[in-house]
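**Q** Structure incoming, see below.
Laboratory data are not the source of any read-out in this text; all were calculated from the coordinates shown. Note that the structure is predicted; figures quoted are calculated from it, not measured. Virtual Cβ from ideal backbone geometry, glycine too; neighbours counted across all protein chains shown.
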Amino acid sequence: MTLATPTLTTDRLRLRPFGDADADALFALHSNAFVLRYWDSPPWSERSRAARFLAACRTMAEEGTGARVAIDRASDGEFLGWCSLSQWNPDFRSASLGYCFTEASWGHGYATEAARAVLGWAFDALDLNRVQAEADTRNIGSARVLEKLGFVREGTLREDCIVNGDVSDSWVYGLLRREWTPDTSH
């Protein structure tokens, strides 16, 4: 069962399916060691990784397991990052939320705004009951985004990632349909 990747708009953002033209911006984002310091894999060192990422976006949609959208600033079309809903399970009515943003876009509320749009689409179009997310325990910014969206910290995965010898823990967050408030007031 395929899952059409949505095109969504917010006051400041345009969320859209990825295209091959996004390869350079993706490589710039995922090769930045500072941006990926809390990621669960090392920064990209090969440009071919961008093509594999784009192919994985298409596969995710074709297999119906999720959707990943590119995020552009509406005012100037600047690529800011991406947001995804993966591991969609229609039987359990659950999925996982993920996102990655350029360093220049941090601190402007873009991640919260984009994730809110994706969550709205997911709860409505996919009839989800639960969305899960994980954040490295050192990534306070990402934890704040999830909490602004209404996610509840449910536990800690101890030493669940080892990237380049660096061992880290992750917080697990959950958001239930009955807790979801699509407005931007919190």
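**Q** Once the Cβ-Cβ distance between residue 93 and residue 158 is put in as r, and R0 is 25 Å, what FRET efficiency do you end up with, to the nearest 0.05?
**A** My answer for the efficiency is 0.35.
**Q** Here's something else I'd like to know. Grab the DSSP H runs of the chain that are 4 residues or longer, score each as -39,500 (n - 2.57), total them, divide by all residues and round the 222 nm result to the nearest 500 deg cm²/dmol.
**A** -8000 deg cm²/dmol
**Q** Still on this structure: Specify whether the C-alpha gyration tensor of the stretch 129-186 places it in the rounded, prolate or oblate class, a ≥ b ≥ c being the square roots of the eigenvalues: rounded for a/c under 1.5, otherwise prolate if a/b is larger than b/c and oblate if not.
**A** Verdict is prolate for the stretch 129-186.
**Q** Please compute the length gained on full extension between residue 63 and residue 104, using 0.36 nm multiplied by the number of residues separating them and subtracting their Cα-Cα distance.
**A** Length gained, residue 63 through residue 104: 11.4 nm.
**Q** If packing is taken as the mean number of other Cβ atoms within 10 Å per residue, what is the order of 137-143, 46-52, 160-166, highest first?
**A** Sorting 137-143, 46-52, 160-166 by mean packing, highest first, produces 137-143, 46-52, 160-166.
**Q** Please compute the length gained on full extension between residue 4 and residue 140, using 0.36 nm multiplied by the number of residues separating them and subtracting their Cα-Cα distance.
**A** Between residue 4 and residue 140, full extension yields 45.7 nm more.
**Q** Run the dipole for the chain about the Cα centre, Lys and Arg Cβ at +1, Asp and Glu Cβ at -1, nothing else charged, and hand back the magnitude in debye, nearest 20.
**A** 180
**Q** Additional query: Can you work out ³J(HN,Hα) from phi for every residue in the stretch 27-40, in order, using Karplus 6.51 cos²θ - 1.76 cosθ + 1.60 and θ = phi - 60°, giving whole Hz and x for Gly and Pro?
**A** The phi angles translate into 4, 4, 5, 7, 9, 7, 4, 5, 5, 9, 4, 10, 7, 8 Hz.
**Q** If one computes the Cα centroid of the stretch 137-186 and of the stretch 18-68, what distance in Å separates the two points?
**A** Each part's Cα centre sits 21 Å from the other's.
**Q** Suppose a student asked you for the relative contact order of the stretch 121-186, using Cα pairs under 8 Å spaced at least 6 residues apart; what percent would you report?
**A** 38
**Q** Indicate the gyration tensor shape class of the stretch 8-128 (rounded, prolate or oblate), computed on the Cα atoms with a ≥ b ≥ c the square roots of the eigenvalues: a/c under 1.5 is rounded; otherwise a/b larger than b/c is prolate and the rest oblate.
**A** Oblate shape, in that a/c is at least 1.5 and b/c is the bigger or equal ratio.
**Q** Taking 7 Å along the Cα-to-C-beta vector as the label spot, tell me the residue 148-residue 37 distance in nanometres, rounded to one decimal.
**A** A separation of 2.0 nm, rounded to one decimal place.
**Q** Let me ask another. Compute the length gained on full extension between residue 132 and residue 183: take 0.36 nm times their separation in residues and subtract their Cα-Cα distance, giving the result in nm to one decimal.
**A** 16.4 nm
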